[in-house]
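Below is one structure, written out as structure tokens; the observations come after it.
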Amino acid sequence: MIDLFANAFAAVQGSVFQRLVEPLLHAAGLDGWLELAFDGVEFLLVGLLEIAALVVVLRPLEALWPAERWPSRAGVGTDVLYTLLHRLGLVPLLFFLLLQPLADAVDATLRLYGFIPFTLERLVPALADRPVLTFVLYLLILDFAGYWQHRLQHRLRWWWALHALHHSQQRMSLWTDDRNHLLDDALGALWFAAIALLIGVPPGQFLGLALLTRFLQSLAHANVRWSFGWLGDRLLVSPHFHRVHHAVGLGHEGRVLGCNFAVLFPIWDVVFRSARFADPLGPTGIADQAQGRDYGHGFWAQQRLGLQRFWQALAGVRLPARH
């Protein structure tokens with residue numbers, strides 16, 4: 001079944017590229033972009049499948065078991081725009097064009113000095129014939145890295161100044177996962193590119209890891225009144241577990257500037273004592289919004305205000321305290 005789907009997907013990708021994209025690039029004299037464009041078609045098709053899954057699977061769950069009932073869905077539309085920009089490949093393509101030359105230069109320099117990124121298969125040869133186990137191990141390593149990236153987003157004032165945009169959504173839904181400042185996304189891309197470079201994540205594995213984690217993160221942000229039970233909430237981040245992370249006065253404040261930082265696996269929150277499992281669901285957002293702080297109501301306003309907070313944090317301008 002998997003091979004059948006892969007073959008069908010490859011056929012559609014090839015057809016779209018040959019019939020639409022390749023002739024346009026030839027006509028524009030951009031033959032040097034053919035390889036990148038072929039990969040871009042893959043990102044576009046994968047993104048369309050992802051968005052279809054979100055609408056078909058998660059949107060009905062929000063309608064049937066909402067964590068909150070809103071008088072309207074005002075404000076959610078901007079999050080839909082963020083999702084389209086990310087899932088249809090526009091933001092990843094921008095980061096690829098900007099960061100790939102840097103990644104190639106770093107990789108070449110490391111290899112010049114004798115550093116060859118290791119892979120789990122080289123470290124543990126027995127994994128060579130166990131692709132599923134290898135996939136799970138890479139997933140755990142990257143999720144561990146994601147946990148600490150998230151902790152730093154809350155701990156470092158300049159990074160929180162950007163990440164606050166994500167937390168400012170007071171009507172959290174399945175579309176909220178991609179609601180991020182572009183500079184925050186760029187820093188995250190650098191973070192995971194460095195981790196992938198160090199541990200040698202195979203490109204095929206990396207795409208699969210990204211697809212799986214993106215859907216599960218959309219589920220975690222969904223406006224769904226779900227937990228996975230006592231054991232399940234300790235194995236996989238549930239909508240309840242992550243909604244606590246977004247809760248006003250709780251999920252991004254307190255002694256460790258928040259709780260429930262895990263991306264997929266709550267075990268990291270358990271080990272590093274940042275987990276909260278039993279808290280009731282409350283409103284989401286940031287406490288200073290009640291005092292009138294504006295985080296923007298549209299894409300460009302949110303990006304502009306995020307940059308203002310970022311420069312203020314770098315300049316040492318005191319931001320409103322988080323208790």
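The values are calculated or read from the model by the stated rules, or taken from the named source; none is laboratory data. Remember, predicted model here, so these are calculated numbers, not experimental data. All Cβ positions, glycine included, derive from the backbone under ideal geometry; neighbour counts span all protein chains shown.
On the basis of being part of a helix (DSSP H, G or I) and closer than 24 Å to residue 215 by Cα, does residue 47 make the cut? Against the criterion (part of a helix (DSSP H, G or I) and closer than 24 Å to residue 215 by Cα), residue 47 qualifies.
Within the stretch 180-203, not a single residue is in contact with an Asp or Glu (Cβ under 6 Å, 6 or more places away or on another chain) and either hydroxyl-bearing (Ser, Thr, Tyr) or modelled with pLDDT of 95 or more (or both).
The one condition from (1) under 19 Å from the mean Cα position of the chain (by Cα); (2) within 24 Å of residue 183 (Cα to Cα); (3) not in a loop (DSSP other than H, G, I, E, B) that residue 244 does not meet is (2).
For the stretch 295-316, filtered to residues that are more than 24 Å from the chain's Cα centre (by Cα) and surrounded by 11 or more Cβ atoms within 10 Å (Cβ to Cβ), the residue that is nearest to residue 74 (Cα to Cα) is 312.
The single condition among (1) surrounded by fewer than 17 Cβ atoms within 10 Å (Cβ to Cβ); (2) over 20 Å from the mean Cα position of the chain (by Cα); (3) in a helix (DSSP H, G or I) that residue 61 does not meet is (1).
Scanning the stretch 183-192 for any residue that is in contact (Cβ under 8 Å) with a residue 60 or more places away in the chain, out of contact with any Pro (no Cβ under 6 Å at 6 or more places or on another chain) and under 26 Å from residue 62 (Cβ atoms) turns up at least one such residue. Contact map, the stretch 51-69: first residue closer than 11 Å to residue 223 by Cβ, second residue basic (Lys, Arg) and surrounded by fewer than 17 Cβ atoms within 10 Å (Cβ to Cβ), Cβ cut-off under 9 Å, separation 6 or more or different chains; pairs are 65/225; 66/225; 67/225; 68/225.
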